[in-house]
Amino acid sequence: MDERTFDRSGQHASVIGLGTWQLGADWGDVDDKQALTVLEAAAESGVTFFDTADVYGDGRSEQTIASFLSGRPDLHVLVATKMGRRVEQIPENYVLDNFRAWNDRSRRNLGVDRVDLVQLHCPPTSVYSTDEVFDALDALVAEERIAAYGVSVETCAEALAAIARPNVASVQIILNPFRTKPLREVLPAARAAGVGIIARVPLASGLLSGRYTKDTVFPENDHRTFNRHGESFDQGETFSGVDYTTGVEAAAEFAAFAPEGYTPAQLALRWIVRQPGVTTVIPGARSPEQARANAHAARLPELSEQTLTAIDDLYERRIKNQVEDRW
């Protein structure tokens, strides 16, 4: 699989990576054996970028990645984790002592002396304008606890504030055919600054797979049940902030655009990969089959102008008014 570069850090990532929120928590139950088979399938399909967080299963996702990689010393995988969501979300918690403590825990979970890439995990908006926060992150690099750092953001405005910081290597942001504002406001700025873009929630929490109907019931411990209206964290993380009924209807239209040989999910991933400035996209997977299919999207033929126009039109007609002014 092709790899792209985070210019500021010089690190490389496969154009399609693997998000591992599903292997930790909040997506129903995934046992350890199943999680390991997902990681194996992704790696065997050419994926060289795993994204996790210290809060996914309270460290379970990090530990699972460590267990897998310890048995595969032949693999060269860039592992990115995130920190900050295990404490009350107030700016006062984003200080060097806490960063060191959180990093110590992630390094233990991952079984490494230095983490490849650490990202602030959707912190309070004021954090992006606080010099001391980025001085503290620079200190972690100087202490060789981390090789590079970035941020995971909720809004385009937060992304632009992070890109303006000289040592931010990457910005992780929701980007998919139901969330296109970053194409206009964030990706051009990132390209100009040499900041990598990690596209997350690429399938709008599964909506863009075309597998759900209005009658689909998700488990109680799945965020698509308990956070549908933003009850537990930012609503934009669940179905990209789109009302579920609207999303299901729009997803049915989207599925019809899939060219021969494509699944709807692969159409969404291929659409993201082609966007100038995207470094890697991180779909999750609950099975080896999903991991392989996601990775295969990088090898599918280029999309036609007719398909691209239809996707743009669908966003304008059905989705834009729900999400454009919020994130």
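The values are calculated or read from the model by the stated rules, or taken from the named source; none is laboratory data. Here the structure is a predicted model, which is why all the values come from computation and not from measurement. When we count neighbours, we look across all protein chains shown, and the Cβ atoms used for this are built from the backbone with ideal geometry, even at glycine. What goes into the accessible areas is simple: the full protein's heavy atoms, side chains included, and nothing from ligands, DNA or RNA. Shrake-Rupley method; radii C 1.70, N 1.55, O 1.52, S 1.80 Å.
Entry note, region 189-327: relative contact order of 31 percent, from Cα contacts under 8 Å with a spacing of 6+ residues.
Hull volume per residue, based on the alpha-carbon atoms of region 42-127 and their convex hull, is 91 Å³. Over what distance in Å are the Cα centres of region 117-179 and region 215-246 separated? If we compute the Cα centre of each part, the gap is 25 Å. Accessible area of residue 209 (1.4 Å probe, protein heavy atoms only, ligands and nucleic acids ignored): about 20 Å². For residue 181, give me every one of the aspartates and glutamates with a C-alpha distance below 19 angstrom, ignoring sequence neighbours fewer than eight places off in its own chain. Within the straight-line cut-off, residue 181 pairs with 154, 158, 234, 237, 243, 312, 313, 316, 324, 325. The P(r) of region 169-327 has a tail past 29 Å containing 13 percent of all C-alpha pairs. What list of ³J(HN,Hα) couplings, whole Hz, do you get for region 167-172 from phi and the Karplus terms 6.51, -1.76, 1.60, once you set θ to phi - 60° and write x for glycine and proline? With coefficients 6.51, -1.76 and 1.60, one gets 10, 6, 8, 8, 10, 9 Hz. Computed about the Cα centre, the dipole magnitude for the chain is approximately 420 debye when only Lys and Arg (+1) and Asp and Glu (-1) carry charge, each at its Cβ. The alpha carbons of region 137-204 occupy a box of 40, 23, 16 Å along the principal axes, longest dimension given first. Over all Cα atoms in region 251-301, the spread is summed up by Rg and Dmax: 10.9, 30 Å.
Counting only the Cα atoms, the chain fills a convex hull of 119 Å³ per residue. In vacuo Debye scattering of region 84-199, one point per C-alpha: log10 I(q)/I(0) at q = 0.13, 0.14, 0.20 Å⁻¹? Debye intensities relative to I(0), on a log10 scale: -0.48, -0.56, -1.09.
Excluding ligands, DNA and RNA, the accessible surface per residue across region 13-90 is 36 Å² with a 1.4 Å probe.
For the chain, the longest principal axis of the Cα atoms and the long axis of helix 305-314 meet at an angle of about 80 degrees. Short to long, the 5 Å bins of the Cα pair-distance histogram for region 176-245 hold 3, 15, 22, 22, 15, 10, 7, 4, 1 percent of all pairs. Here region 1-152 was treated as a single set of alpha-carbon atoms; its pair distances binned every 10 Å from 0 give 11, 41, 35, 12, 0 percent.
Give the relative contact order (percent, whole number) for the chain; include only Cα pairs under 8 Å separated by 6+ residues.
Taking the mean separation of contacting Cα pairs over the length of the chain, I get 22 percent.
Could you please state how large a percent of the accessible area of the chain is carbon and sulfur, counting protein chains only and using a 1.4 Å probe?
Carbon with sulfur: 47 percent of the solvent-accessible area.
The helix-based estimate of mean residue ellipticity at 222 nm for the chain, built from -39,500 (n - 2.57) per DSSP H run of four or more residues and divided by its residue count, is -10500 deg cm²/dmol to the nearest 500.
Amide H to amide H, with H built 1.01 Å from N, residue 281 comes under 5 Å of 16, 17, 199, counting only residues 5 or more places away or on other chains.
Counting other Cβ atoms within 10 Å of each Cβ, which GluC sites (Glu not before Pro) in region 204-245 have at most 11 and sit in a DSSP loop?
220, 231
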